[in-house]
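Heads up: the structure comes next, in structure tokens.
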Amino acid sequence: MMLSLSDFVNIDTKHIWLQVKTAEQEKVWQLSQHHSNAIAIYNAYLNRICLSRLLTWFQLSLQETRLRAEVFPSEENLPSILEIVNGTAIKVGETKIVFVPTETIDIEELCVPQEWVDISSWAADYYISVQVNLDGDDDDCWIRVCGFATHRQLKNQGKYNSSDRSYSLPIEQLTENFTLLFATLGLRWREEVSPEVTLSAAKAQNLLQTLSDASIYSPRVSLDIPFAQWAALISNEQWRQQLYNQRLGKEKNTVSTAKKYLSPSIESMNSVSVDSSLIQINLSQWFEKLFAAGWQPIDEVLNSQLGNLAFEFRSFSATSKTGVNGVKLIDLGVQLGGQSLALMLALSQEEDRKTAIIVQVHPTGNKKYLPPNLKIILLESGNILQQIESRSLDCYIQLNRFKGLSGTSFSIQLTLDNFRMIENFSI
């Protein structure tokens, strides 16, 4: 039995709980569509929900004072920021406050992107950890304000993680009493932060050209660009807006390319093509152990001992112990050396009546790595929702976990050089 917001409020009285209504979710979802890829869209959605509820809460809490809570740096700047980083900020007088949302169920730490800590113009006084739950009906959608830390705490006591460029602090070290925050508004809780390095216009344009590729879902950590240069680039409002505009343009080109793949011309008849568009695989039947032709349970492939594939499948299978999973072996054809791949789907039924899906592609046999430049694309009604491309030493590639209600349709497309394959599914 799922607990409602009122249940959580009665159980946990030390935290602030705020309801998120369906109408607000729908409004914010529409505002969040202007981004280059599905990950950025969902990041904007999560952050805008958090900002909307907490900004209102701060304004109500301050209504008997002369202070006002306002979006920082401005509402107009939000799209260019949320395209590249998690977190939003407000200003109350001279005090800056950053909200950091997460959907993690068991929160162990506050994890703040380095940009909000080490960029001098972005650094805040307070950082608030916010748990967000948007699955379910009105009574089940909420945000929980878990506590706050100061900039000084993060710099002196926080752990810096270079792999994702973040500062983290155990949740136990956060202050849960927000009366203290309101009582200390106006005091400076920031450590000194060095100003950004000077970036030449030529260097900035080179970086913008590299980072404008929308298939790079996380430009802040995906490339070996020193943080000092990245910080100098995005702290400049004009350059950050240019990056945002260029990434949106790249995404449109990517969608056009995908549509071209879906409608191949006569000139592409020499390509190797496997099109299952006339067949739609009903994934709900997998829970009844009924698999379409060409698909089989992963355990059956495990038992066949297909070299490295068996080990990789065990790792994958472990992600879906409460659900079902299936695999299809795909022959790339003679033109691509006769190599074969394994397309795998893991399904689990969630409490909100949605089905969660993980999609991976692995090499088979004794092959350790995937061929480079293999693309896996998630499509809905011909539109790209996600796209991942393999590199030279990738053991597998995976789409981000996604969910859908019964009756939802989607397609998975694999492309490599002249090879193209499409599988259509319904939940």
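Taken together, the values in this text are just the output of simple stated rules run on the coordinates, not laboratory data. Keep in mind that this is a model prediction, so the values were computed, not measured. Here the Cβ positions follow ideal geometry from the backbone for every residue, glycine too, while neighbour counts run over all protein chains shown.
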Quiz item: If packing is taken as the mean number of other Cβ atoms within 10 Å per residue, what is the order of 105-115, 411-421, highest first?
Solution: 411-421, 105-115
Quiz item: So how do 282-293, 222-233 stack up, highest first, on mean other-Cβ count within 10 Å?
Solution: 222-233, 282-293
Quiz item: Which trypsin sites (Lys or Arg not before Pro) from the range 38-135 combine a DSSP loop assignment with at most 16 other Cβ atoms within 10 Å?
Solution: 66, 68
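Sort 34-44, 78-88, 208-218 by packing, meaning the average of other beta carbons within 10 Å per residue, with the highest value first.
78-88, 34-44, 208-218
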Quiz item: Based on the Kirkwood radius over alpha-carbon pairs, what value in µm²/s does the Stokes-Einstein equation return for the translational diffusion coefficient of the range 179-247 at 37 °C and 0.692 mPa s?
Solution: 235
Quiz item: Short version: ³J(HN,Hα) in whole Hz for each residue of the range 142-159, in order, from phi by Karplus 6.51 cos²θ - 1.76 cosθ + 1.60 (θ = phi - 60°), x for Gly and Pro, what are they?
Solution: 7, 10, 10, 8, 7, x, 9, 10, 9, 4, 4, 4, 4, 6, 9, 10, x, 9
Self-check item: Rounded, prolate or oblate (a/c below 1.5 giving rounded, otherwise prolate when a/b exceeds b/c) for the range 5-196 by Cα gyration tensor
Solution: rounded
Practice problem: Beyond 21 Å between alpha-carbons counts as too far, so tell me which of 27/96; 96/203; 368/403; 27/91; 328/368; 289/354 fall in that bin. | Solution: 27/96; 96/203; 368/403; 27/91
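Let me know the shape class of the range 38-116, please: from the alpha-carbon gyration tensor, a ≥ b ≥ c as square roots of the eigenvalues, rounded when a/c is under 1.5, otherwise prolate if a/b is greater than b/c, or oblate. Before the final figure, lay out each step's value.
Numbers: a/c = 1.90, a/b = 1.49, b/c = 1.28.
Since a/c reaches 1.5 and a/b is larger than b/c, the shape of the range 38-116 is classed as prolate.
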Self-check item: Qualifying trypsin sites (Lys or Arg not before Pro) for the range 151-203 [loop in DSSP, other Cβ within 10 Å: at most 13]
Solution: 188
Quiz prompt | Gyration tensor (alpha-carbon) shape descriptor, the range 58-167, a/c threshold 1.5 | solution = rounded
Quiz item: For the range 5-196, what is the relative contact order in percent, using Cα pairs closer than 8 Å and at least 6 residues apart in sequence?
Solution: 22
Self-check item: Whole-angstrom gap from the range 52-116 to the range 149-190, using each part's C-alpha centre
Solution: 14
